[in-house]
Amino acid sequence: MAKTEINYEQERLLLEERKIKALEKLASAVDSLTLWFEEIDKGAWDERAQWYLSEFHKGIVGEDSE
């Protein structure tokens, strides 16, 4: 192999390693979010979520549209 082919192969391997590390970090974050969603008190969040959605609707559509 020529020197440029070796450098290209090394760069390709480094890039693949970086991709794998990035995917592992993403997987870890998704796993953490999944655990958080499973553990929250959904009953307490129901009212809060409804209020936030109502405020969002008021801001986008307006209160006079009803």
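The values are calculated or read from the model by the stated rules, or taken from the named source; none is laboratory data. All figures in this text were calculated on a predicted structure; none of them were measured in a lab. Heads up, the Cβs are rebuilt from the backbone with ideal geometry, glycines too, and the neighbour counts pull from every protein chain shown.
Scanning the range 1-31 for residues that are modelled with pLDDT of 95 or more and of a type in the set (Gly, Ala, Ser) yields ALA22, ALA27, SER28, ALA29.
Going through (1) among the basic types (Lys, Arg); (2) under 25 Å from the mean Cα position of the chain (by Cα); (3) surrounded by 10 or more Cβ atoms within 10 Å (Cβ to Cβ) one by one, LYS58 falls short only on (2). Would you confirm, using the coordinates I've provided, whether ALA49 is among the aliphatic types (A, V, I, L, M), assigned to a helix (DSSP H, G or I), at pLDDT below 90 and at negative phi? Here the answer is yes, as ALA49 does meet what is asked.
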